[in-house]
Amino acid sequence: MTWLVMVITLSSFFSGCASTASAPPVASPPRASVAALDGIRRVVVVASGESQFSVEPGSREPGAEFESVMKWLPYKEILVPVARAVYWGITWLRDDARKSSTMPRDVTPAAVVTETFARTIVGVGPFDTIAALDREPVGDVRRNADAIVRVSVPSWGLVRVRDAGQPFAAAFADVRAQIVLRENGIVVWEYEEDVTSPGRLPVDSLMSDRALTREELVDVLERAGRRLASELLYALGRTR
């Protein structure tokens, strides 16, 4: 049975290598100088991509108390690995349940960032028209645009921080933006940043108060939208 498992594992490994080797390379979109932003007047801001919500888990490594119990077990070479697997499984289920109960179901992170981004640059930048959408533009909306701004939030959620030795947490959002010229698909600007809320709240409060958690998460998403807008306005200033 052991040899059979080894053969299957090695076969999967080498077949995976062969598949990887034969896969065609993915072409990167062409890029232009930031100076190309100077001619953009009509833009469409689009929320795009998937978002993964996460709550940074506690350590999945057993502590000293666990280890002190394990050393007294008979047949340690068999029972200790099983006990560790059970420990990791229980920890994973606890973390997954915590994430499910914490994530606000009525918040679409990319949409919040997109709306805030568009609202921030209205009347400030050189754009004549700005349209914020939750999907790729089609028809006249697309034809009339000089460029498409794609905004995504690959990950967002709560991250643990340490403050005076106490367990605290803060909201965070990993945000990205890219401006693509409609006519030729050239990327003229892109930016990404991990934005973390300056607020620090007790972990227990965030886990038990869904309204408070939602408020903190929306706040950091709006902060991220304003941050992206500021970076774009800075880039536009460099073209003058």
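The values are calculated or read from the model by the stated rules, or taken from the named source; none is laboratory data. Everything quoted here is computed from the prediction, not taken from an experiment. Reconstructed Cβ throughout: ideal geometry from the backbone, glycine too, with neighbour counts over all protein chains shown.
Structure summary
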{"item": "Failed item, numbered, when Asp140 is tested on (1) in a helix (DSSP H, G or I); (2) under 20 Å from Glu192 (Cβ atoms)", "result": "(2)"}
{"item": "Selected residue [buried (at least 18 other Cβ atoms within 10 Å of the Cβ) and part of a helix (DSSP H, G or I)] from Leu212, Leu217, Leu233", "result": "Leu217"}
{"item": "Residue match in the range 150-158 (condition: at pLDDT below 90 and of a type in the set (A, V, I, L, M, F, W, C))", "result": "yes"}
{"item": "Given (1) at positive phi; (2) surrounded by fewer than 17 Cβ atoms within 10 Å (Cβ to Cβ), index of the condition Gly157 fails", "result": "(2)"}
{"item": "Whichever residue in the range 116-145 is more than 18 Å from Gln178 (Cα to Cα) and of a type outside the set (A, V, I, L, M) and, among such residues, is modelled with the lowest pLDDT", "result": "Gly123"}
{"item": "Count - residues of the range 194-209 that are under 15 Å from the mean Cα position of the chain (by Cα), over 19 Å from Thr108 (Cβ atoms) and surrounded by 14 or more Cβ atoms within 10 Å (Cβ to Cβ)", "result": "1"}
{"item": "Qualifying position, being touching a Lys or Arg at 6+ places or on another chain (Cβ under 7 Å) and free of Cβ contacts under 8 Å to residues at least 40 places away in the same chain, among Glu183, Glu193", "result": "Glu193"}
{"item": "Number of positions in the range 173-187 that are over 21 Å from Thr116 (Cα atoms) and buried (at least 22 other Cβ atoms within 10 Å of the Cβ)", "result": "0"}
{"item": "Residue in the range 96-115 that is modelled with pLDDT under 55, assigned to a helix (DSSP H, G or I) and over 22 Å from the mean Cα position of the chain (by Cα) present", "result": "no"}
